[in-house]
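This report refers to the structure that appears directly beneath it.
Values in this text are rule-based calculations from the coordinates and carry no lab data. It should be emphasised that the depicted structure is a prediction, and the values quoted were computed from it without experimental measurement. Every residue, glycine as well, gets a Cβ built from its backbone with ideal geometry; the counts of neighbours run over all protein chains shown.
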Amino acid sequence: MSNYKSFCFRSTPERLKPSSIGKQMTLMLILGVGLCLQWSCSTGAETSFEKSDRFLQSIENFEDQREISRHGLGHAYFRIDTILQNYDAEQARPLTLAFEEVWTGVLERIGQLKASFDQVNRRSSAYFSMLDEITSGIQDEQLKQRESQLNQQMKKEWEVTLQQAAEKLQAIDELLAGGNDLFKVMLVQSLRASISKEIVALKGITKEAEQLLADLQKLSHEGMKLMA
């Protein structure tokens with residue numbers, strides 16, 4: 001199993017260290033709220049603020065999930081490293097079961113992180129659509145053009161940040177694929193080890209049976225002598 005001990009977990013905790021993504025998301029949202037304050041106060045302001053709040057909440061949730069995943073993966077890394085350090089044929093089954101327990105937790109955390117990212121993506125689309133809709137209602141063409149350009153500039157910067165986050169999540173998926181492969185290798189080896197023990201036992205039974213059959217042959221031989 002030494003070939004597998006340097007698999008994806010070695011870099012996973014580093015990939016999930018606190019980054020500036022969450023701060024960038026929040027800063028952009030604050031700038032956008034300023035636009036809402038300026039142009040949506042006459043009609044539908046409450047709905048606009050609600051959409052803005054939901055977007056902010058999704059960003060905060062994403063950051064919480066990222067922190068939970070980062071700490072969880074760090075803990076899982078050390079547990080799995082311990083499992084691999086002690087892995088041998090005799091302990092294959094219990095160690096494989098222990099690995100499965102830890103690995104299931106890892107997949108659940110990353111699944112929650114990805115779900116929160118999808119929510120951020122959806123709500124950001126609704127948020128920028130709202131900004132464009134509010135801006136389109138400005139009567140002064142110069143003001144409308146200025147605010148539209150600001151909207152597009154912020155949206156472009158946001159999309160870059162969003163794409164960077166998506167790439168990091170894709171990289172995590174690739175790392176998880178390595179972990180999935182390792183678990184399957186461990187499981188297959190454990191199953192082979194179990195069957196190997198059964199094969200050894202079967203060989204012993206067969207050898208003993210051969211001896212018994214030989215003894216029975218002696219009985220037949222002696223019986224034939226009595227009948228002669």
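Once the C-beta distance of residue 97 and residue 156 is scaled by a Förster radius of 35 Å, the resulting FRET efficiency is 0.10 to the nearest 0.05.
With the simple spin-label model, which puts each label point 7 Å out from Cα in the Cβ direction, the residue 180 to residue 67 separation comes to 3.0 nm. Site pair residue 191 and residue 163 shows an inter-label distance of 4.3 nm when each label is modelled 7 Å from Cα along Cα→Cβ.
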